[in-house]
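Values in this text are rule-based calculations from the coordinates and carry no lab data. None of the values given here were measured: they were computed from a predicted structure. Reconstructed Cβ throughout: ideal geometry from the backbone, glycine too, with neighbour counts over all protein chains shown.
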Number of protein chains: 2
Amino acid sequence: MKLPSAAVAGSLAARQAIDYNSAPPNLSTLANASLFDTWRPRAHVLPPFGHIGDPCMHYTDPETGLFHVGWLYSGAAGATTDDLVTYHDLNPNGGQFILPGGKNDPLFVFDGSVIPSGIDGKPTLFYTSVSYLPIQWTVAYVRGSETQSLAVSYDSGRNFTKLEQGPVIPSPPFAVNVTGFRDPFVFQNNQLDALLDSAPGTWYAVISGGVHGEGPSEFLYRQHDPDFQYWEELGQWWHEPANSSWGNGDWAGRWGYNFEVANVFSVDDEGYNNEGEVFTTIGAEWSLDPIVPQVSDFREMLWAAGKVSRENGQVKFTPTMAGYLDCGKSAYAAAGKELPASSVASQKSGAPDRFITYVWLTGDFYGTANFPTPQQNWTGALLLPRELSVGNIHDVVNNELVHETGSWRVASECSGVTELTTLKQVIAREALAALTSGKSFTEAGRKLDSAGVVPFERVPESKFHVITASLSFPKGSRGSDLRAGFQILSSEHESTTIYYQFSNESIIIDRTNTSAAARTTDGIDSRNEAGPLRLFDLLRDGEEQIETLDLTIVVDNSIVEVHANDRFAVSTWARSWYAGSREIRFFHDGEGEVTFGNVTVYEGLYDAWPDRSA
Amino acid sequence: MKLPSAAVAGSLAARQAIDYNSAPPNLSTLANASLFDTWRPRAHVLPPFGHIGDPCMHYTDPETGLFHVGWLYSGAAGATTDDLVTYHDLNPNGGQFILPGGKNDPLFVFDGSVIPSGIDGKPTLFYTSVSYLPIQWTVAYVRGSETQSLAVSYDSGRNFTKLEQGPVIPSPPFAVNVTGFRDPFVFQNNQLDALLDSAPGTWYAVISGGVHGEGPSEFLYRQHDPDFQYWEELGQWWHEPANSSWGNGDWAGRWGYNFEVANVFSVDDEGYNNEGEVFTTIGAEWSLDPIVPQVSDFREMLWAAGKVSRENGQVKFTPTMAGYLDCGKSAYAAAGKELPASSVASQKSGAPDRFITYVWLTGDFYGTANFPTPQQNWTGALLLPRELSVGNIHDVVNNELVHETGSWRVASECSGVTELTTLKQVIAREALAALTSGKSFTEAGRKLDSAGVVPFERVPESKFHVITASLSFPKGSRGSDLRAGFQILSSEHESTTIYYQFSNESIIIDRTNTSAAARTTDGIDSRNEAGPLRLFDLLRDGEEQIETLDLTIVVDNSIVEVHANDRFAVSTWARSWYAGSREIRFFHDGEGEVTFGNVTVYEGLYDAWPDRSA
């Protein structure tokens, strides 16, 4: 939804008239744009107004070294960043760099990815051009609804000009009855070059989708010519049976029926490495039986690492471990890109080559929630940029906790101690440094051993802050009914509870009491968020102990990101209403003991959009 | 060009004001539509007004038994016939049954063909949907410019509704740099069924085109599913080297650089037979060196018969003989179709299954002639329907004339006498019967042995007539400079000379003196037409003699069709100006003797369009 900027400015009076010290009215009765500021984040990526769709089309411009972050926006719009902290709209009022309505894309421009030095050496966008509807895995596929086309930017990314020709991938493989065929993601990979005897630096692309009655797939393609006109079909290099799961499903949800927004990249312990371990991130779509046409009940944002091999001439990706990239039900459609050490941002921070991903956080539950969007005049955001790399967990006791089909794999075993490997995901170093560089205060550590909440001694000044803490649990906690964590955005009226729960090894965000507005207004989700995190038994100084839970909780007004142990994230909306709902509290429930340490609150976050006027 | 019908009616006064007994003015100075009647044919297929493009999309409606004849017309329009003589527009004012402007065909609808019982058992059009320009074999191919799409008629052919989906053949074979990829022609064939182990009755399609730097091709496809959604790529079942020719090029021109409008069908001595000999008709495009972008100097309407085989898994068509379907430089883009014995027309005439083709006669030399089209308000026509079958020439002396790579093949040889096989092509029996059923007169036979013209004793009443005659030549004529035939549309001011010329075994239409208007007005072509016809040596009662030349000359005002010996045709425009240019004359030139026999003139032709008002 693209709204004129006048709609924002014209609503200032209405915005100021709202009383955040009283119970809210039914918000859908308010004036348009009057809620613009109410839940607006500061440090996150989102357009000046309107609906943000999937992140995509990121790249580093070889000419400027600036990183371009893109997102769907009735077409696509984007911004540049030289530090992964502040962003600058590519076009005035956040306008689009590509619009639908051409011969290839009369209906929509869907996700794409960019070859930084493509046609004419210019940034070249490979995107899904949409001609027909409906498109969803739950209904019959309309032939030709999704094709893959090219556009080139000759003006530093402000506009991408479509080639005056038809799509470069005009259809799925012959007679394959796909559930979807979109979101081409380009990448380079030395392992594939070697297996396929490709010229070094050859580009590949995965297109996301699946096959009716068979299950989700990544369709692999190889660049065929220097003009990127032809992409050689290499088949479904990854396919999973319909609605199957990784292991018992505890650690990586379901593969579902259809993949979307697949990324493929290779990383090592440091970051991006063309010769590193191959990972993919995917959005998986599924529903409970009976499947209702046009309804996808679940969307899960997953990752998998895999072995790449060649069998009977065909290249195959076989997962070795898999997990959630973000466990939030509204967190989906992550799009990442190699960020080279030569980029301006990395030059400044001294970072090596990295793979940076942005996860989308839908603001209206994929369009299904009856959220008062006209009143807010924007919806959705991108989560903070994350660095993905290979993570290692050292000195893990070699017990049954390790030997499960999980979001980790055993890297080495020796005399009762193992080292595990997983996907490391952390907030991008520049963003995290900026988030934690402002005013801060430390809350004294403490040990709680009975159910209850204990308010912090100090209340943060605003709903913009970061909480970091380490929670330690005694050995006996495993299998207990212990829950421990924090209440945030709290007041006498409201609170959001974030806690680790041993009974199902999960981090929960309890939003039952998050928002007074949820009691008056439709579309303000108060369902729990939850995600699995196993705290392993570690050997420390010869003693077995439960891994410490290291939490980083980013509160950006209504957006809450919970990061744990460099390998877990759950993000969601927590739309507190009252101005006073800023308190933080220690939280304990059930039997057992928890020790809170290193509890720090960083105030204020940062303004990611210094160019934008209020 | 689609002009409103008012433009025709409003010009009646101007039409009547022209004096055809005086020398013409520059016709391009006349009022629009004032020349509407001047050269309008009676018995030929053409729209009520405007520009007719390629014939195509013919079929017999299984529900009515009517034969539908179609043609491009800013989209496509058509008519039905129950006798191959008279036609009835499908839509008022000759309106279209399909228009361009959809998502698949924003620019144009190009040629297609019809599966009579296709989707939902309804007539299903498989056509080329055009999205991008330029399209020509002389320039780089724009990817996606030509795709193949489906449309279905639920109202007896008055409208074909496009499927709400993308093309069913969205691109040429992978990475093939085609010169063209259009005009899908559907057919069934028992030989292909057997070679490819297809279900009986499987549909095939050839798509016409070629490969840059390699030459012209027919791309073969096979129906993959009952809904005609997928067409399996079977490769270039026929390919010829660029600008090569059949034999020395004397008998079938050049294969050129690009094929268009390919038809594939199988016939025997009687007519259409799914198990008969496989023939193809093609339009071949080529130019002299240096090739000028956007200019195709030559278009030739050819046929070939061939052997169908399977080599290394791929089906191949290998020509055994080839020739011109029509030698006229303006005759092109033939489109044929099986006409079953069960059709109304065939039921009435008692004809067996036939293959009927309509050749296009461009009125402005493929848009390059500066013809006064606005003054005429129509341009182009289809030639009379022709029946194609296997033809045999019996008792041919087995001399060097036979053993050449020509438009015939040796079917059998025994003791000095051979039987030759070729493509038999004759005016459809119903049309020929109707043309020759009216008032007629016989001109006394005669022998001429010196150069000169001899007027017929009787002058036909109009410029609408048929002349039939048999010309016999003594043995010594072969290799001489003898030319013999007729002058038609003649007067003191004008004449068109049609003759056989032994020196190069050709039938010539000399238009040097055809039209007084050519002297005042651009775009009235006065170049000669010519086509090769070998009169073989036949053994008759033990004597060798030159085969008799049997001519059927149809004069339909400005359209002249010259048919000879059931295997030759050359058609063109002869735009005589004077009302008196109706005389017919015997023509002799050079040394030698010719005997004219069976000379009959049939007056009046017939009105093919009884429903149309003047």
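Observations, loosely collected:
- When residue B:441 is represented by a point 7 angstrom out along its Cα-to-C-beta vector, the spacings to that point in the other copies are 12.2 nm, nearest first.
- Net charge dipole size for the stretch A:391-603 [Lys, Arg +1 and Asp, Glu -1 on Cβ; Debye, nearest 20]: 540 debye
- Extent along the principal axes, Cα only, for the stretch A:391-603: 57, 39, 35 Å, with the longest axis given first.
- Net charge of Cβ neighbours under 13 Å - reference residue A:24; Lys, Arg +1; Asp, Glu -1: -1
- Semi-axis lengths (Å, descending) of the ellipsoid that matches the C-alpha gyration tensor of the stretch B:131-204: 26, 21, 11
- For residue B:130, the shell of other residues with beta-carbons less than 9 Å away shows a net charge of -1, using +1 for Lys and Arg and -1 for Asp and Glu.
- From phi via Karplus (6.51, -1.76, 1.60), per-residue ³J(HN,Hα) for the stretch A:156-173 in Hz, x at Gly/Pro: 6, x, 6, 9, 10, 8, 5, 5, 7, 6, x, x, 7, 10, x, 6, x, x
- Cβ crowding within 10 Å ranks A:450, B:407, B:477 as A:450, B:477, B:407, fewest other Cβ atoms first.
- Cβ-based charge dipole, the protein assembly as shown, positive-most Cα from B:244, B:521, B:456: B:521
- Distant-in-sequence amide H partners of residue B:266 (H built 1.01 Å from N, under 5 Å): B:273, B:279
- Rounded to the nearest Hz, the phi-derived 3J(HN,Hα) couplings of the stretch B:185-197 under the Karplus curve 6.51 cos²θ - 1.76 cosθ + 1.60 (θ = phi - 60°) are 10, 8, 7, 10, 7, 5, 4, 5, 3, 5, 5, 9, 6, where x marks glycine and proline.
- A Förster distance of 51 Å, applied to the separation of the beta-carbon atoms of residue B:175 and residue B:461, puts the FRET efficiency at 0.25.
- Ellipticity estimate at 222 nm from DSSP helix runs (n ≥ 4, -39,500 (n - 2.57)) divided over chain B, nearest 500: -1000 deg cm²/dmol
- Vicinal HN-Hα couplings computed from phi for the stretch A:304-320 (Karplus, 6.51 cos²θ - 1.76 cosθ + 1.60; Hz; Gly/Pro x): 8, 9, x, 8, 10, 9, 10, 10, 6, x, 9, 7, 10, 10, 10, x, 10
- Dipole orientation for the protein assembly as shown: of the candidates A:212, B:402, A:273, A:212 has the Cα lying most toward the positive pole (charges on Cβ; Lys, Arg +1; Asp, Glu -1).
- In terms of Cα atoms, the Rg and Dmax of chain B work out to 23.6, 69 Å.
- With neighbours defined as other Cβ atoms within 10 Å of a residue's Cβ, the residues A:585, B:534 order from fewest to most as A:585, B:534.
- Nearest-0.05 FRET efficiency for residue B:503 and residue A:229, computed from C-beta distance (R0 45 Å): 0.30
- Here the protein assembly as shown is assigned +1 on the Cβ of each Lys and Arg and -1 on the Cβ of each Asp and Glu. Its dipole about the Cα centre then comes out at about 2740 debye.
- Percent RCO, i.e. relative contact order, over the stretch A:391-603, from Cα pairs under 8 Å lying at least 6 residues apart: 33 percent
- Label geometry 7 Å along the beta-carbon vector: residue B:401 inter-copy distances in nm: 10.2
- When you count the other C-beta atoms within 10 angstrom of each residue and take the mean per peptide, B:257-268, A:224-235 line up highest first as B:257-268, A:224-235.
- Residue (of A:346, A:613, A:385) at the positive-pole extreme of chain A, dipole from beta-carbon charges: A:613
- Theoretical FRET efficiency, 1/(1+(r/R0)^6), r = Cβ-Cβ of residue B:142 and residue B:292, R0 25 Å, to 0.05: 0.85
- Maximal additional length on extending the residue A:528-residue A:341 stretch stands at 63.4 nm, based on 0.36 nm per residue less the C-alpha distance.
- More than 22 Å apart - percent of Cα-Cα pairs taken over the stretch B:500-614: 46 percent
- Inter-copy separations for residue A:368, label at 7 Å along Cα-Cβ, nm, ascending: 6.3
- Close amide H contacts of residue B:161 (hydrogens built in the peptide plane, cut-off under 5 Å, sequence separation of 5 or more or a different chain): B:152, B:153, B:154.
- Put simply, the C-alpha atoms of the protein assembly as shown give a gyration tensor, and the ellipsoid matching it has half-axes of 79, 31, 24 Å, longest first.
- Distance from the A-onto-B rotation axis is smallest for the Cβ of the chain A residue given, in whole Å, as A:170, 2.
- Placing +1 on the Cβ of every Lys and Arg and -1 on the Cβ of every Asp and Glu, with no other charges, gives chain B a dipole of roughly 1420 debye about its Cα centre.
- By the beta-carbon count within 10 Å of each Cβ, the least crowded to most crowded order of A:202, A:496, B:442, A:64, fewest first, is B:442, A:64, A:202, A:496.
- Per-residue extension of 0.36 nm, minus the Cα-Cα distance of residue A:541 and residue A:409, leaves a gain of 45.1 nm for this segment.
- Relative to one another, the C-alpha centroids of the stretch A:436-480 and the stretch A:511-555 are positioned 12 Å apart.
- The stretch B:24-108: C-alpha gyration tensor shape, a/c 1.5 cut-off, then a/b vs b/c: oblate
- For residue B:321, the residues whose modelled amide H falls within less than 5 Å of its own, excluding neighbours fewer than 5 places apart on the same chain, are B:305.
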